[in-house]
1. Mind checking which lysines have their Cα closer than 19 Å to the Cα of Lys299? Skip sequence neighbours fewer than 8 apart in that chain.
2. At what distance in nm do the modelled label points of Gln220 and Asn186 sit from each other, each positioned 7 Å from its Cα along Cα→Cβ?
3. Take the Cβ-Cβ distance between Lys313 and Glu44 as r, set R0 to 25 Å, and report the resulting FRET efficiency rounded to the nearest 0.05.
4. List the residues of region 205-227 whose backbone N lies under 15 Å from a point placed 7 Å from the Cα of Leu264 along the Cα-to-Cβ direction.
5. By how many nm would the segment from Glu177 to Ser36 grow when fully extended, if each residue of separation counts as 0.36 nm and the alpha-carbon distance is taken off?
6. Where does each of Asp281, Asp453 land when they are ranked from fewest to most other beta-carbon atoms within 10 angstrom?
7. With r as the distance between the Cβ atoms of Glu349 and Gln327 and R0 = 30 Å, compute the FRET efficiency 1/(1 + (r/R0)^6) and round to 0.05.
8. What's the local net charge at Ala219, with K and R +1, D and E -1, over the other residues with C-beta under 11 Å away?
Amino acid sequence: MANQRLDLRMSQQLVMTPQLRMAIKLLQMNSLDLQSFVQQEMLENPFLSNDEGSTEVLSEARDKNAERDYEDDKISNDFAEDTGLDAGWDSMYDSGGTPDKSTGSTGAGNNFDGDSSDWEKNAVSEQTLKDHLNEQLGLSTNEPALRFLGQYIIDAIDDSGYISLDFAASSEQLGVETSKMYEALNLIQTFDPVGVGSRTLAECLGLQMKAEGTYDEAAQVVLANLDLLAKRDLGKLAKIAGVNTDEIQEVCERITQLTPKPGLKYGSDVSTNVIPDLIVDRDSEGKWRAELNAEAMPKILLNDAFDIKGRTKDDNNYISEKMTRAQWLLKSLEQRARTIYKVGNALLEVQAGFFEHGVEHLQPLTLKTVAEKVEVHESTVSRVTNGKFMQTPMGVFELKYFFSSAIGTTGGRVEVASESVKAMIKRIIKDENPQRPYSDEKLVGLLKKEGIDVARRTVAKYREAIGIPPTSQRRVRL
């Protein structure tokens, strides 16, 4: 018979306290979800009150002198170090890839609480048109600038699938060539639903006819004269197209069966109601600074004047529980605001070139780099950069936009953003002698003189990506 023994063993495990779960969930919520959650908490907790005219609860997040030491706190900067909580998050942008939005934007679908509260469920919401387009964009290109501009254009597409955007003004604001903007638009116009990204009804219908192979000369005439189609003036349309009435009637019937608003098959997009968490502008010294947007920060106060005398033990337990939850909510909101503020300004520091000169000056950036600057875990940065927005003079961008992939060079450096190398190649070729254009090998040498040591195949790849033909096709023979 085996002997029974009593042994003592030591082990470590992560204990998910309710306070820790609250901190994690608040950090990954966007501003709209946060406002809804806080409103619900105020309805259920008598120790929370709304103060529309006050921002003092969260003002400490911008006051460096008021920063507390959270190293020994339960809600520390390391609250997500356990990789079990961060599956799929730690290296989300390290390779420059696009996150898989099918899993949502709040942490790979993990449910930390295990209860049935509506705000904690991971139910799949109705997919919006922008969600659908973003998924296709992520699968269509690995080029950072094109992906950036594609997202910028998608944000301007309305629920019907149309876009109203001044491309010339936008390209000037973003510091890119207008042709690059149209390249991104042309890419989006190949996405499903067919016709999305159109600027006019005629363009929308034309894209659909091209997709089905019926975009002939007669169709072009009808689409250029939709007013005559509305009047059913088939005789005039037939005369302009140079075909008989029966043929033009057949074309008109095909057109009337197309979808004039292709985007309506998807759910309404709430991104038009995005509230930026940070507002970027220059300070008095001309430096770019990010400040918390007071409109995005819940304005709540702790109501601690609750009389608990003469109450039963159960009443006192209830009151104690609610008071503790209220205190932790305020503390978690302060932590959330502070972290967003730090991450936002860290992005400004790294991407100063973007704000000065445009998208072509994006620097390579990973979660790890920002995490080290802010002194938090990578998963914390991941949560902060998803669903949080920054209002800039060039428009409103999600924080994750500013993560750009780096290229590996033959010298072992990974400090050069791929978009910067493409810009250099374009500049060098622009100044070349058209009768003696540079070969890819020559471009390698010229780039090396500028401190960029890349392989010839990398130069060829980037040259093709920006639409520049090889040497033989660029040579001008007199």
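1. Leaving aside lysines fewer than 8 places away in the same chain, those within reach of Lys299 are Lys25, Lys322, Lys331, Lys388.
2. Between Gln220 and Asn186, the label points sit 1.7 nm apart.
3. 0.70
4. 205
5. Gain on stretching Glu177 to Ser36: 46.7 nm.
6. The most exposed by this proxy come first: Asp281, Asp453.
7. Working: r = 33 Å, r/R0 = 1.11.
The calculated FRET efficiency here is 0.35.
8. With Lys, Arg at +1 and Asp, Glu at -1, the net is -3.
All of the numbers you see were taken from the coordinates with simple rules; none came from a lab. The shown structure was predicted, so the numbers you read here are calculated from the model rather than taken from an experiment. Cβ: placed from backbone, ideal geometry, glycine included. Neighbour counts: every protein chain shown.
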